[in-house]
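The values are calculated or read from the model by the stated rules, or taken from the named source; none is laboratory data. Keep in mind that this is a model prediction, so the values were computed, not measured. Side chains included, ligands, DNA and RNA excluded: accessible areas come from the protein's heavy atoms. Shrake-Rupley method; radii C 1.70, N 1.55, O 1.52, S 1.80 Å.
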Amino acid sequence: MAAPEHSLQVFTVNYLRYNGVFCFAIPNGGRRDIKTGAMLKKEGVLAGVADLAILLPQGEIIFVELKNGNKGVQSESQKLFQAKVEGLGFTYLVWRETQD
């Protein structure tokens with residue numbers, strides 16, 4: 001995750017938790033060597049998974065992809081994950097930091 005997206009994610013998680021929202025990061029990105037990447041893939045790491053999961057009452061789960069301003073765009077694997085999540089009836093959101 002690029003540094004601006006890192007800052008956005010830290011802010012977002014802190015804000016949600018401060019307001020009593022149960023959320024957690026899904027640390028799916030980052031640079032890894034080939035051996036570690038292969039091991040994690042066997043364990044279930046999936047390309048395109050959203051940055052955050054928010055769990056709400058009555059079993060609602062919201063998946064959130066964070067992007068920096070208008071320049072950040074979803075990858076093809078992120079679009080496929082979004083389609084799968086929405087096809088299963090869950091909510092998927094893209095949250096952007098606005099550039100004032």
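I need to check one value: relative contact order of the chain, counting alpha carbon pairs closer than 8 Å and at least 6 residues apart, in percent.
26 percent
For Val94, what residues show an amide H to amide H distance below 5 Å, using hydrogens built from the backbone and excluding near sequence neighbours?
Sorted by chain and number, the residues that satisfy this are Glu65.
Could you run the Karplus curve 6.51 cos²θ - 1.76 cosθ + 1.60 with θ = phi - 60° over region 6-22 and give me ³J(HN,Hα) per residue in whole Hz, x for Gly and Pro?
Running phi through 6.51 cos²θ - 1.76 cosθ + 1.60 with θ = phi - 60° gives 4, 4, 4, 5, 4, 4, 4, 4, 4, 5, 4, 5, 4, 8, x, 8, 7 Hz.
Given the pairs Lys35/Lys67; Lys41/Lys79; Lys35/Lys79; Lys42/Lys67, which span a C-alpha to C-alpha distance of over 24 angstrom in this model?
Cα-Cα > 24 Å for Lys35/Lys67; Lys35/Lys79; Lys42/Lys67; rest within.
Using the Karplus equation 6.51 cos²θ - 1.76 cosθ + 1.60 (θ = phi - 60°), what ³J(HN,Hα) coupling, rounded to whole Hz, does each residue of region 65-80 give in order, writing x for Gly and Pro?
Values, residue by residue: 9, 9, 10, 8, x, 8, 7, x, 10, 6, 6, 4, 5, 5, 5, 5 Hz.
Taking a probe of 1.4 Å, how large is the accessible area per residue of the chain, in Å²?
71 Å²
In a solvent-free Debye calculation with one equal scatterer on each Cα, what is log10 I(q)/I(0) for the chain at q = 0.11, 0.14, 0.16, 0.19 Å⁻¹, listed in the order of the q values?
-0.36, -0.58, -0.76, -1.04
How large is the accessible surface of Glu65 in square angstrom, using a 1.4 angstrom probe and rounding to the nearest 10?
Glu65 has an accessible surface of roughly 0 Å² with all protein chains in place.
Leaving out ligands, DNA and RNA, what percent of the accessible area of region 36-91 is carbon and sulfur, probe 1.4 Å? Numbers along the way, then the final one.
Working: 2070 of 3470 Å².
Reported share for carbon and sulfur atoms: 60 percent.
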